[in-house]
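> I have a structure I would like to understand better, so I am pasting it below and will then ask my questions one at a time.
No lab work stands behind these numbers, since they all come straight from the coordinates. Because the structure is predicted, anything quoted here is derived from the model rather than measured. In this analysis, Cβ positions are derived from the backbone assuming ideal geometry, glycine residues included, and neighbour counts consider all displayed protein chains.
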Amino acid sequence: MKKLALSAVLLFSTLLLSQTPLKFERFFLDQTLRIDYYHVGDAAEEIITIDQIYRQGVWAGNPKQLIDPFNTGRYFIKLYDVASNALIYSRGFDSYFGEYKTTEPAENGVKRTYHETALLPCPAKPVFFVIEMRDKNNLLHPLFTRKIDPAAIEVIKENPDRQDNIYPVVRNGDAHKKVDIVMVAEGYSAEEEAKFQADLERYAKVFFAWEPYKSKRKKFNISGIFRPSRESGVDEPERGIFKNTALNSSFNSLGSDRYLLTEDNKTLRDIAAQVPYDAIFILVNSKRYGGGGIYNFFCITTVDNEWSEFVFQHEFGHSFAGLADEYYGAEVAYNEFYPPGVEPAEANLTALLDPPNLKWKELLSPGVTVPTDWGKAKFDSLYLADLKIRQQKTDTLAALIRQAYPEETVKQVEARYDSLSRQLNERIKAFARNHPLKDKVGAFEGGGYVAKGIYRPMLNCLMLKFEKDDPGFCKVCEQAVNRMIEYYSE
Ligand SMILES: [Zn+2]
């Protein structure tokens, strides 16, 4: 009964919405409503239970953008005004649980609990708080509904903790009209605060060195927050390394050696709440290659690897604009990430179910056929060989470190693998550099971890990363990032 009523509400309010633009002042206060909850389950079943609800500082989002126009993310938060039944706010997102449920343990019925946070403009009156999830056909259905009265006594109204040093590195104005990024320190000891400051400055520079951020610099604010960790570094479980750090971040997330994430969402959100923010970036004090980015959730990368700056931009593409990985044949342990016959929700991948209506047809280069013949077999022989070498390197190094081989030996082995990888990389780069379609938009098969049946927009892209040091976003990804910048700032 309830589900039926809710979809009727949804239909009705969508109709209403198309007629009258929503006024922020009519439904909201200039404050943030933070709803912390637990997301529990496996591949077959998931449930939500509320943890705590807070009213915190000013709303960092854009008061002119209340309804999400992107239709990206595995989940959606929706707020309905109780008095009028109108949909007054919506926002898509992904979560750690959302990735977990696609893994083998989840498929085998192992239930896990993850902590998540919904950041919302604080409603002036009671609302229905709804979390929707996508089914296998990417259609949204309600997963959880709760009436929330922002004036209720159980809503926590204390001031957020302000114990940490805050560094405003980029200031361009009012949080409501800017993309507000908070960069949080992880794995820096108290003695390493100056290093964090230097890394923060460096990454703010790196961020604006790439398009489209370079031309849109004035639309961003960046703050850094330093919470010292007891120990320097980060957990590397496969290598037997465990560090006591502020956010408990760890490599080997979801079984993937280079996947670096934190499950300690509550601490992360408590730290971030010290400033108004739209997006979280965690800077991890480590030399190892790795990172992660989850759409409208958080983004994380190590800072001292030779590829860190690249990873930083790539992961932010995931977490900020909801872009999909365009690479394939990789080692990430996701099952049926893009089931055959279903159009992906992300802007930069398509299943090409209707070729004449290509998802990015307004950007398609004249004269390029769809699907695009791009010499995939030749490319794959180089690309998959490189992936294999990198996997062998990871496994061998982990084994040597676990067996306490001398550092010198480990370094020699690492150098040997790096040299092989570099040679292949040079050939891959040459393939891309000399390719007749290198600047063209088409539909290139291979993307989203899937070698067949999923297509990406261009030969190369920051979200593909087969030529790590060079490419910026492809034209489709760049457009998606630009749209997200506008969403926050115009
Ligand atoms: Zn792209």
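> Under a straight-distance cross-link criterion of Cα-Cα below 17 Å, which lysines are reachable from Lys361, leaving out those fewer than 8 residues away in the same chain?
Leaving aside lysines fewer than 8 places away in the same chain, those within reach of Lys361 are Lys440, Lys475.
> Take every DSSP beta bridge whose two residues both sit in the chain, then give the antiparallel share in percent to the nearest 5. The partial results should precede the final answer.
On the way: 58 of 79 bridges.
Given both bridge residues lie in the chain, the antiparallel proportion sits at roughly 75 percent.
> Cα centroids of the range 115-188 and the range 416-490: how far apart, whole angstrom?
Spelled out, the Cα-based centre of one part sits 32 Å from the other.
> Which of the three applies to the range 355-482, rounded, prolate or oblate, going by the alpha-carbon gyration tensor with a ≥ b ≥ c and a/c under 1.5 meaning rounded?
On the way: a/c = 2.71, a/b = 2.52, b/c = 1.07.
Prolate is the answer for the range 355-482, as a/c is 1.5 or above and a/b outweighs b/c.
> Oh, and also: By average Cβ neighbour count within 10 Å, what is the ranking of 345-352, 252-259, 291-298, 405-412 from highest down?
Per-residue mean Cβ counts within 10 Å order the peptides as 291-298, 345-352, 252-259, 405-412.
> Do any of Lys205/Lys465; Lys78/Lys178; Lys214/Lys438; Lys178/Lys243; Lys136/Lys219 go past 25 Å between their Cα atoms, and which? Let's see the in-between values first.
Numbers: Lys205/Lys465 21 Å; Lys78/Lys178 23 Å; Lys214/Lys438 23 Å; Lys178/Lys243 35 Å; Lys136/Lys219 37 Å.
Those over the limit are Lys178/Lys243; Lys136/Lys219.
> Also, quick follow-up: In the chain, which helices (entire DSSP H runs) extend 15 Å or more along their own long axis, judged by Cα positions, while averaging at least 0.0 on the Kyte-Doolittle scale? Working shown, then result.
Details: long enough: 2-19 (26 Å, 1.27); 193-209 (24 Å, -0.24); 308-321 (19 Å, -0.12); 376-402 (38 Å, -0.28); 407-433 (37 Å, -1.06); 475-489 (21 Å, -0.45).
Answer set is 2-19.
> Given the rule -39500 (n - 2.57) for each run of at least 4 DSSP H residues, summed and divided by the residues of the chain, what is its mean residue ellipticity at 222 nm, to the nearest 500 deg cm²/dmol? Numbers along the way, then the final one.
Working: 10 runs with 139 residues, N = 490.
Roughly -9000 deg cm²/dmol at 222 nm, from the helical runs in the chain.
> Placing one identical point scatterer on every Cα of the range 165-322 and ignoring solvent, what is log10 I(q)/I(0) from the Debye formula at q = 0.15 Å⁻¹?
Listed by q, the Debye log ratios stand at -0.72.
> May I pose another question? Using 1/(1 + (r/R0)^6) with R0 = 35 angstrom and r between the beta carbons of Asn305 and Glu490, what's the FRET efficiency to the nearest 0.05?
Values: r = 35 Å, r/R0 = 1.01.
In this case the efficiency is close to 0.50.
> I'd like to compare 420-426, 227-233: which one has the highest average count of other Cβ atoms within 10 Å, and what's the full order after that? List each step's numbers first, then the result.
On the way: 420-426: 14.9, 227-233: 17.9.
Listed from highest to lowest mean packing, they are 227-233, 420-426.
> If a/c stays under 1.5 just call it rounded; otherwise compare a/b with b/c (prolate if a/b is bigger, oblate if not). Do that for the range 2-148, with a ≥ b ≥ c from the square roots of the Cα gyration tensor eigenvalues.
In terms of gyration-tensor shape, prolate.
> Quick one: net charge of Arg269's neighbours, Cβ under 9 Å, K/R +1, D/E -1?
Numbers: positive: Arg34, Lys266; negative: Asp36, Asp270.
Net of charged neighbours comes to 0.
> Please work out whether the range 215-255 counts as rounded, prolate or oblate from its C-alpha gyration tensor, where a ≥ b ≥ c are the square roots of the eigenvalues and a/c under 1.5 means rounded, while otherwise a/b larger than b/c means prolate and anything else oblate? Show your work: numbers first, answer last.
Values: a/c = 4.41, a/b = 1.95, b/c = 2.27.
Cα axes put the range 215-255 in the oblate bin.
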